[in-house]
Structure formats: C-alpha cells, structure tokens
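Worksheet: one structure, shown below.
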Amino acid sequence: YPKMKLFDITVSTMNMQETVEYLTEAVRARTPHQVITANPIMMMAALEDPAYKAMMQQAELIVPDGTGVVWAASRLGSPVKERVAGYDLLHELLRKGEPHGWKVYLLGAEPDVVHTAAARIREMYPGIQLVGERDGYFKDEEDAEVIADIREKQPDLLFVARSAKNQEPWIGKYKNELQVPVMMGVGGSFDVIAG
Ligand code: UDP
C-alpha cells in the first residue's frame, strides 16, 4: 500500500476507502493487524519514549488521523490524500462489515458507556455481530483473563478505548496472542457513540 516515513515511522497515505479495502482483506485473510490512527500527540510520544516508538514501528498499519500529521507529511514532501480519522474509520469498518456479519468486540471506557455504545452499534448496524464487550478499567493482572475472552470470541474487529497512552501499548504487547485481524485503539469513541 502507499506509505511515507514520518520521523522513522511508516504512515499510510491511503484514503479512507483504500484503508477500508485494505483492512477488509486483512479480515478475509485473518492476519492480525494493529491499526494506529496517529495524531500529533502520539507522534510526540514516539519521539520522547523509545518503547512507544518501537511499538509504533511494529504496528501493521498507521493512518494519519490528526490534521497535524497530514500537515507534517505535506511539509516533508509526502502529501497524504486525506485525513483518516479514527472515529470515522470505526464507523466505516462497521458499515463495511455489516453485510458480512463481521464479529466485533468492544473493550474500554466505563461499564455503562461501553454497554450503551454496544446497544447503539446494534441499532445502527444490525448485521454486525457484537460478540463481546468489557469496560477498560481492569488491572494488568486481569490481562490474561481479558485476552482469553477475546480469543474465545474470535472477533474480526477489536476496538480498544482506553486512552492512547494505554490502548496502543496494550494492543502492541498482546497482538500476537489476540490474533484479531483488525485491532484498533479508538480513544473516546465509545463515549461519543454512547452520547
Ligand atoms: N479509559 C479506560 N481505561 C483507562 C483510561 C481511560 O477505559 O484506564 C477510557 C475512558 O473511559 C474513555 C477513553 O478511555 O472512554 C478515552 O479516555 P481519555 O479521554 O482519558 O483518553 P485520551 O485519549 O484523551 O488520552
């Protein structure tokens, strides 16, 4: 896929439609992809924290979320076609997956928020199979149990809403165990969907 380098990090220059097609192929092939919708805060975290940078360098797909990343790319001579915002990509993937009955797992936010977000997604995308939901306030000691539940449910899409500080490193750490085709941090998206 078309890509560029931004501070030693590979960022996709695909537009939204191309990104959705690319990830649809990942779902078909069942190959695990950590998808990061990069904003300037995450790029700064990568510059300051070697572990965060390594995690980003190992991510299977980074798309330019914030307009700041789009701007920086243009300044560095690699124009990206458009911003691919995490919130929009979340909805586009649900829309794409609906006729295929894709399985979706929601992990993150407060218990009532994730529950309401799940109910809203069921209303908006009836073809989607919501196979699991869990709040984002669990301890590291509970990781194994959380992972076991996700593995058992075998989702096509795993959305993790636990703030960029936690969600991306968490996915990076466990992506090989999780074996989900699309694993993506979505920040405050469940709160937005829950309203
Ligand atoms: N969140 C969570 N567990 C945490 C921290 C945050 O589930 O340990 C959730 C929080 O409830 C919200 C989302 O992550 O739904 C985004 O949180 P916040 O806005 O604090 O994160 P940011 O992306 O702004 O860093």
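Please treat every number below as a calculation from the coordinates, not as lab data. All of these numbers come straight from a predicted model, not from anything done at the bench. Cβ placement follows ideal geometry from the backbone for every residue including glycine, while neighbour counts extend to all protein chains displayed.
Distance between the C-alpha centres of the stretch 84-98 and the stretch 1-56: 15 Å, rounded to the whole angstrom. The calculated 222 nm mean residue ellipticity attributable to helices in the chain amounts to -15500 deg cm²/dmol, summing -39500 (n - 2.57) over DSSP H runs of n ≥ 4 and dividing by all residues. By the count of other C-beta atoms within 10 Å, a proxy for reagent exposure, 189, 163, 74, 12 are ordered fewest to most as 74, 163, 12, 189. Couplings for the stretch 71-79, taken from phi via the Karplus curve 6.51 cos²θ - 1.76 cosθ + 1.60 with θ = phi - 60°, read 4, 4, 4, 5, 4, 8, x, 10, x Hz in order; Gly and Pro are left as x. In order along the stretch 13-22, phi translates into HN-Hα couplings of 10, 6, 7, 4, 4, 5, 5, 5, 4, 4 Hz, rounded to whole numbers, per the Karplus curve 6.51 cos²θ - 1.76 cosθ + 1.60 with θ = phi - 60° and x for Gly and Pro. Rounded to the nearest 10 degrees, the angle from helix 86-97 to the longest Cα principal axis of the chain is 60 degrees. Kindly state, to the nearest 0.05, the FRET efficiency for residue 5 paired with residue 142, given R0 = 35 Å and r defined as their beta-carbon distance. Given R0 = 35 Å and the Cβ-Cβ separation, E is 0.40.
Largest GNM mean-square fluctuation among 185, 132, 77, using the chain with Cα springs under 10 Å: 77.
Counted over the chain, the DSSP beta bridges are approximately 15% antiparallel.
When the P(r) is computed for the stretch 78-195, the part past 23 Å accounts for 24% of the Cα-Cα pairs. Placing unit charges on the Cβ atoms only, positive for Lys and Arg and negative for Asp and Glu, gives the chain a dipole magnitude near 600 debye about its Cα centre.
In this simple spin-label model, placing a label point 7 Å from the Cα along the Cα-to-Cβ direction at both residue 119 and residue 149 gives a separation of 1.8 nm. Amide H to amide H, with H built 1.01 Å from N, residue 109 comes under 5 Å of 136, 161, counting only residues 5 or more places away or on other chains. So which lysines can residue 165 reach, going by Cα to Cα under 20 Å and dropping same-chain residues fewer than 8 places off? Output for residue 165: 53, 139, 173, 175. Springs join every pair of Cα atoms under 10 Å in this Gaussian network model of the chain, and among 170, 102, 71 the largest mean-square fluctuation is at 71. Based on Cα contacts under 8 Å between residues 6+ apart, the chain shows a relative contact order of 25 percent. Residue exposure proxy: 150, 9, 193, ordered by other Cβ atoms within 10 angstrom of their Cβ from fewest to most, comes out as 9, 150, 193.
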